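Novice: Got a structure for you, written out below as C-alpha cells; questions coming shortly.
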Amino acid sequence: MRIDIISLFPEMFSPLEHSIMKRAQEANYLQIQVTNPRDFAFDKHRIVDDAPFGGGAGMVMKPEPIYRAVESVTKTVEKATRRIILTCPGGTPLTQAKVKELASFEHLVFICGHYEGIDGRVREHLVDEAISIGDYVLTGGELPAMVMVDAVARMVPGVLGSGASAPEDSFYNGLLEYPHYTRPREFNGWEVPEILLSGHHKEINRWRRKQSLKNTLERRPELLENVELSAEDKKLLVEIKQEQAGG
Ligand code: 4GS
C-alpha cells in the first residue's frame with residue numbers, strides 16, 4: 001500500500017520511522033511519503049495561509065498549494081484504487097470498520113489541516129471523504145493522520161509479521177480483548193489465572209472468549225448490539241450475568 005501525507009510539518013511524522021511502521025516500510029509492505037504544500041507555493045514568500053474572507057480570527061490554509069501537492073502525488077501513482085482523505089472533526093468517525101475499508105485501497109492520501117482550517121473548496125472538490133478521530137479539537141491534522149495511518153497499516157498483510165495478531169485484537173471481532181499474562185506466575189502476591197497454566201487449549205479459549213464478553217458487557221455494553229453471538233457466547237453471557245448477580 002502506498003500512503004501520501006500532505007502536511008506543513010513533515011518533521012511531525014517521525015513516529016513512523018520507528019518500530020513496526022519502520023519495519024513495514026523497510027520490507028516494502030508500505031510506502032509512506034510526506035509532502036509539504038509549502039513546496040507548492042510559488043510566490044516569493046511561499047505563503048500557504050491567508051485571512052478568512054468575511055473576517056474573523058485566525059488564518060485559513062490556501063487551496064492552491066494543497067491542490068498542487070495532491071496532484072503531485074496522484075499523478076505518479078498509476079491505476080491505483082485511491083482515497084483522498086481530510087482529517088477533520090466534522091468527518092465520519094473513525095472505527096475499526098472504517099479502518100478495514102481504508103485498508104482495501106492501494107493508495108491513500110491524507111490532507112492535514114492546520115491553523116483554523118482549510119479553504120472549503122478543498123473538501124468540496126478535492127477530497128473523497130473527511131474522517132474524524134474523535135469529538136475533541138486538536139491543533140493540527142497531523143496526529144489524526146498518524147492515528148489513521150497506524151491503524152490502517154497494521155491491517156495490511158505482512159505488516160504485523162508472521163505472528164500476526166490483528167484477527168484477535170479489540171474491535172476486530174467487535175468485542176474488547178481478553179487480558180494477557182506472562183511470566184512470572186506470581187508477582188507481588190498477584191497470580192495469573194490458573195486456567196492459563198493448565199494446557200487445556202479448549203478450556204483456555206472458552207475462558208478467553210468469556211473474559212472478552214465480560215469486559216465488553218461491563219465497559220462497552222453498546223458494542224454487543226452489533227456483534228453476532230454464537231449459542232456458546234449466549235451461554236457464556238448467562239454465566240457472566242449469574243456471577244455478577246451472585247456478587
Ligand atoms: C481532528 C479530529 C482535529 C481541527 C485541526 C482544528 C486544526 C483540528 N481531525 N479528528 N484545526 N478530532 N483537527 O481536531 O480529525
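The values are calculated or read from the model by the stated rules, or taken from the named source; none is laboratory data. A quick note: this is a predicted structure, and the numbers were derived from the prediction, not measured. Reconstructed Cβ throughout: ideal geometry from the backbone, glycine too, with neighbour counts over all protein chains shown.
Novice: Just give me the residues in the stretch 1-34 being under 28 Å from PRO65 (Cα atoms), of a type in the set (Ser, Thr, Tyr) and touching a residue at least 60 places away in the same chain (Cβ under 8 Å), in sequence order.
Specialist: Within the stretch 1-34, SER7 is the sole residue that qualifies.
Novice: Among the candidates GLY189, GLY174, which residue alone is more than 9 Å from the ligand (Cβ to nearest atom), at pLDDT below 95 and not aromatic (Phe, Trp, Tyr)? Give the derivation first.
Specialist: Values: GLY189 fails: at pLDDT below 95.
That would be GLY174, the only listed residue that is more than 9 Å from the ligand (Cβ to nearest atom), at pLDDT below 95 and not aromatic (Phe, Trp, Tyr).
Novice: Let me ask you something else. Hey, among GLU243, GLU222, which residue is part of a helix (DSSP H, G or I) and over 29 Å from VAL152 (Cβ atoms)? Steps first, answer last, please.
Specialist: Values: GLU222 fails: over 29 Å from VAL152 (Cβ atoms).
One residue alone meets the criteria, GLU243.
Novice: Could I ask something else about it? With the structure loaded, tell me whether GLY246 is of a type outside the set (A, V, I, L, M, F, W, C) and either at pLDDT 95 or above or touching a Cys at 6+ places or on another chain (Cβ under 6 Å) (or both) or whether it fails that test. Working first, answer last.
Specialist: Details: of a type outside the set (A, V, I, L, M, F, W, C): yes; either at pLDDT 95 or above or touching a Cys at 6+ places or on another chain (Cβ under 6 Å) (or both): no.
Here the answer is no, as GLY246 does not meet what is asked.
Novice: Would you mind finding the one in LYS202, LYS235 that is more than 17 Å from TYR178 (Cα to Cα), out of contact with any Leu (no Cβ under 9 Å at 6 or more places or on another chain) and in a helix (DSSP H, G or I)? So that I can check it myself, show each step before the final result.
Specialist: Details: LYS202 fails: more than 17 Å from TYR178 (Cα to Cα).
From the options LYS202, LYS235, the qualifying one is LYS235.
Novice: Checking GLU124 against (1) under 16 Å from the mean Cα position of the chain (by Cα); (2) over 19 Å from MET21 (Cβ atoms), which single condition isn't satisfied?
Specialist: Here GLU124 clears every test but (1).
Novice: Which residue out of ALA57, ALA51 is of a type in the set (Gly, Ala, Ser) and in contact (Cβ under 8 Å) with a residue 12 or more places away in the chain?
Specialist: Numbers: ALA51 fails: in contact (Cβ under 8 Å) with a residue 12 or more places away in the chain.
Of the residues listed, the single one that is of a type in the set (Gly, Ala, Ser) and in contact (Cβ under 8 Å) with a residue 12 or more places away in the chain is ALA57.
Novice: For a quick check of your reading: which helices (runs of 4 or more DSSP H) sit entirely within the stretch 74-169 and have at least 1 residues that are in contact (Cβ under 8 Å) with a residue 12 or more places away in the chain and near the ligand (Cβ under 9 Å from one of its atoms)? Explain how you work it out, then say what you get.
Specialist: Values: elements: 96-103, 120-125, 142-153.
Hits in the stretch 74-169: 142-153.
For every residue, the table says whether it meets (1) assigned to a strand (DSSP E or B); (2) touching a helix residue (DSSP H, G or I) at 6+ places or on another chain (Cβ under 6 Å).
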position: ASP4; (1), (2): yes, yes
position: PHE13; (1), (2): no, no
position: ILE20; (1), (2): no, no
position: TYR29; (1), (2): no, no
position: GLN33; (1), (2): yes, no
position: ARG38; (1), (2): no, no
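Novice: Here is a follow-up. Can ASP43 be described as more than 23 Å from SER104 (Cβ to Cβ) and assigned to a helix (DSSP H, G or I)?
Specialist: Considered against the rule, which asks whether it is more than 23 Å from SER104 (Cβ to Cβ) and assigned to a helix (DSSP H, G or I), ASP43 comes out as no.
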